[in-house]
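First comes the structure, then the notes that go with it.
The values are calculated or read from the model by the stated rules, or taken from the named source; none is laboratory data. Values in this document were obtained by computation on a predicted structure and should not be read as measured data. Neighbour counts are summed over all protein chains in view; Cβ atoms, including those assigned to glycine, are modelled from backbone coordinates with ideal geometry.
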Amino acid sequence: MAMLKCIIVDDESKSRESLRILIEDFCDSVKVCALCQNVDEGIQAIKEHKPEVVFLDIQLQRETGFDLLTRIKDINFEVIFTTAYSEYAIKAFKFSAIDYLLKPIDIDELKMALGKVNKKLDDNISLRLKHLLQNLKAPASGNYKLALPTSEGFHFVKVSDIMYCEASSNYTEIVTQDGKKHLVSRTLKEYDDMLTEHDFYRIHNSYLINLNAIKKYVRGEGGYVVMNNDRSLDVSKRKKEGFLERISSKD
């Protein structure tokens, strides 16, 4: 297996050194080529070493990791942010399919993030970073865009354009308001975690629905909903009470 070249950009010397030690001790296929403390050093190291991965702190003295990225013409490396950022920002990273590591960095999470790098190197990192910046600036859920990892690469959709998500083993089928279907390589639970606060509700083990895309609810033991595309989806008995509370609170 070829060695992945990486650089670490962080303005705190302890953070740089602790991450370097973790990588060298626990990640056999990764070589740390440079440790950088600011944007200028980071840009120079990227030009010199041409890394496959850049571990990038968000706050870099008077600048940010985003300043570094905007000054690079062709981003042909994967970015893993290292951060103690707020929960709001973490949501934006998840929505944009950009990896991040919360400080203090956990060894297993580090290995997992590096394990995903090879799969993403062929995808458009510049586009994912562009959507990350948009999501960081988007206070309203309707403006959020979600990166969907499909077999062809990443497809971006507005959260408000998603009608429902349906579990398909370890995959999820996402159906949008225009009738398109996207089979993505993530579990329904992951989308449940991301979308619940954006007017989505898990009505069944198999279904996560956009509450704004329901035509009607038909009562029964659990009952069922009819979505905008006329698809009927069952509501499980144990989810019924919570679901009725959610839709009544929206009126």
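Every residue, every condition in (1) touching a strand residue (DSSP E or B) at 6+ places or on another chain (Cβ under 8 Å); (2) of a type outside the set (A, V, I, L, M); (3) farther than 20 Å from Leu148 by Cβ, yes or no:
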site	(1), (2), (3)
Val32	yes, no, yes
Ala45	yes, no, yes
Glu52	yes, yes, yes
Glu78	yes, yes, no
Tyr85	yes, yes, yes
Asp123	yes, yes, no
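When Tyr217 is tested against (1) in contact (Cβ under 8 Å) with a residue 40 or more places away in the chain; (2) surrounded by 14 or more Cβ atoms within 10 Å (Cβ to Cβ), exactly one condition is not met: (1). Report yes if Asp74 is in contact with a Phe, Trp or Tyr (Cβ under 8 Å, 6 or more places away or on another chain) and not in a helix (DSSP H, G or I), otherwise no. Answer is no for this residue. For Asp108, the criteria (1) in contact with a Cys (Cβ under 8 Å, 6 or more places away or on another chain); (2) without any contact (Cβ under 8 Å) to a residue 24 or more places away in the chain hold in every case but one, which is (1). Of Ser185, Ser160, Ser206, all but one fail to be on the phi < 0 side of the Ramachandran plot, among the hydroxyl-bearing types (Ser, Thr, Tyr), modelled with pLDDT under 95 and surrounded by 13 or more Cβ atoms within 10 Å (Cβ to Cβ); the exception is Ser160. Per the listing Val117, Val175, the residue uniquely of a type in the set (Val, Ile, Thr), surrounded by 15 or more Cβ atoms within 10 Å (Cβ to Cβ) and either part of a helix (DSSP H, G or I) or without any contact (Cβ under 8 Å) to a residue 24 or more places away in the chain (or both) is Val117. Considering only region 220-238, state which residues are surrounded by 16 or more Cβ atoms within 10 Å (Cβ to Cβ) and in contact with a helix residue (DSSP H, G or I) (Cβ under 7 Å, 6 or more places away or on another chain). Selection gives Gly223, Met227, Val235. In region 75-88, which residues are touching a residue at least 12 places away in the same chain (Cβ under 8 Å) and surrounded by fewer than 17 Cβ atoms within 10 Å (Cβ to Cβ)? Passing the criteria: Asn76, Ala84. Residues satisfying the criterion are present in region 47-67 (criterion: in a helix (DSSP H, G or I), among the basic types (Lys, Arg) and over 30 Å from Ser185 (Cβ atoms)).
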